[in-house]
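Just passing along the structure, written as structure tokens.
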Amino acid sequence: MDLNSIGWNEEARGKILLDADRALQEAVREAVETFSGRSREEVYEFLFAKLQPQFVDFQPGPDLSACADAVANGEVSLDA
């Protein structure tokens, strides 16, 4: 078995991605509930601090910035 061929199967990959999406959604929900009216920077710092320990080699990108902007601007709907 070649080391480069070792990896998660598609079912596991889907579960990993779903778990990551749920972690982000829960962090955003908590940010909406506790950081309403706060600055984008405060929201971003909260999201980063909440998510960073949950992932190996966490590298926030534009998705985290977009979520922080949406929370700070009151654009997140908690319905669903």
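The values are calculated or read from the model by the stated rules, or taken from the named source; none is laboratory data. This is a predicted model, so every value here is computed, not measured. Here the Cβ is made from the backbone with ideal geometry for all residues, glycine too, and neighbour counts use every protein chain on show. When the accessible area is computed, the model is the full protein with side chains, heavy atoms only, and any ligands, DNA or RNA have been set aside. Shrake-Rupley method; radii C 1.70, N 1.55, O 1.52, S 1.80 Å.
How about segment 7-43: which of its residues are among the hydrophobic types (A, V, I, L, M, F, W, C) and either open to solvent by 70 Å² or more (accessible area, probe 1.4 Å) or over 18 Å from Val56 (Cα atoms) (or both)?
Trp8, Ile16, Leu17, Leu18, Val28, Ala31, Val32, Phe35, Val43
Whether any residue in segment 52-68 is charged (D, E, K, R) and surrounded by 14 or more Cβ atoms within 10 Å (Cβ to Cβ) is what I want to check.
no
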